[in-house]
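What follows draws every value from the coordinates through simple rules; no lab data is involved. The shown structure was predicted, so the numbers you read here are calculated from the model rather than taken from an experiment. Cβ sites come from the backbone with ideal geometry, for glycine too, and all protein chains shown count toward neighbours.
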Amino acid sequence: MKTQLKKRNPIHFYLIQSIFRQNSLRELRTKPTHHYNDTDGTRITEERNQQDNLYLYKSKGQHLLTNLRILDTIVRKSSINPTDTVLEIGPGTGNLTLKLLNVASKVVAVEIDKRMVEVLNKRVKEHGLEEKLNVIRVDALKAEFPKFDLVVANIPYGISSPLVAKLVYGANPFRSATLLLQKEFARRMLAKPGDSEFNRLAVNVKLVADVEFVMDVSKRDFHPAPKVDSSVVIIRPKDQIPDVNLDEWWAFTKTCFGKKNKTLGATFKQKKKVIELFRLSTIRSCNREVNRNQYDCADDGDNEKESDEEEGHSSPFADTGLGLFKEKIIEVLKAGGFEDKRPAKLCNEELLHLLSLLNGAGIYFHEQTKPRNVDNVAFTAACC
């Protein structure tokens, strides 16, 4: 008898899987696509006498996860408590949402597509769970998220980088974020120093959070199928983060990882980079003088000198100052043992130490006078 049951289990599983897929796409039925351009979107229509046509746009990352086993695993790995409020970004037609509503106290779903919202609300109402769902129809990158405990989401590929940065550097504290991401993007975020994928994204995310790999997901588990596979990761914000100016850190890592396999000595000896850092450091120094003396140190009354600089003519004093500044940078790199090292092989602790040494010598990477743009400009810059 036991042997017979084992033989039937796979069939039983695939029957359940088939039924779930039919139910999840009940409102959305794919029509033959030979009349339409598949690169723009797959034409789907609602059953139950609904006349409105609906498209799933691949270019907007509208790929619905339909694999029951993957959905269950995502929910289980998220460790959701009955009292938790879950933030879901891009719920689509609600395949994941329905499972979250069964285990969480409340789900806040952020969805920009009005058509998706209509289908989502209808499916949730049919299951009698509408009281637990709060749908916000807005662009997730521009939204001010309400308070939440966890994030569980199938993230549209096109907004992965700024959205991850918005979450980990945002004002809302949360316990963890279980995200379904493009596989290549997930690998970059999981990369360690020395890995070929190691990059600025990994450096900036791991400054404030730990990232755990959960599993890979085949492109065949989506409707319509994307061109690449995906991966599930869990991001957990750190209890304590380094005491560092984030604007300065982001600008510093942008400089280092612009050419991540180039030695730091070679990067900081470039004339264009030396001039840029010299300008920023001079501005920072001037600001400190202004705060102390209430004088504008840039205005020394020498109009003729200002005119020369505007026309691109450097004075002997400027050339001397620039040369001394370059020497100071190299001295810091040599003293710290960083001149011949490459960013692609440095851990965050080493990068933080180098930034501290440079700042201590009066070398800065961010203009303090520029306010941070909270609408994701800095967030996008942090992870590109």
Whole Å is fine, so just give me how far the alpha carbon centre of the range 133-203 lies from that of the range 103-122.
19 Å
The range 326-367: which GluC sites (Glu not before Pro) are DSSP loop and have at most 16 other beta-carbon atoms within 10 angstrom?
Glu367
For the range 77-144, run through the GluC sites (Glu not before Pro) and keep only the ones in DSSP coil with at most 16 other Cβ atoms within 10 Å of their Cβ.
Glu144
Would you work out the charge dipole size for the range 171-242 about its Cα centre, treating the Cβ of every Lys and Arg as +1 and the Cβ of every Asp and Glu as -1, and quote it to the nearest 20 debye?
120 debye
If the chain between Arg279 and Met215 were fully extended at 0.36 nm per residue, the gain over the current Cα-Cα distance would be 18.4 nm
Which entries in Lys132/Lys238; Lys114/Lys219; Lys183/Lys259; Lys99/Lys132 show an alpha-carbon gap greater than 20 Å?
Lys132/Lys238; Lys114/Lys219; Lys183/Lys259
Cβ-derived FRET efficiency at R0 30 Å, Lys147 paired with Lys254, nearest 0.05:
0.40
Dipole size in debye (nearest 20) for the range 58-237 around its Cα centre, Lys and Arg Cβ +1, Asp and Glu Cβ -1?
240 debye
Where labels lie 7 Å past Cα in the beta-carbon direction, separation of Lys238 and Glu126 in nm
4.7 nm
Of Leu101, Leu87, Ala153, farthest towards positive along the dipole that unit charges on Lys, Arg, Asp, Glu beta carbons give the range 58-237:
Ala153
Would you mind working out the magnitude of the charge dipole of the range 97-197 relative to its Cα centre, with +1 at each Lys and Arg C-beta and -1 at each Asp and Glu C-beta, to the nearest 20 Debye?
80 debye
I need the peptides 274-284, 178-188 ranked by packing, meaning the mean over residues of other C-beta atoms within 10 angstrom, with the highest value on top.
178-188, 274-284
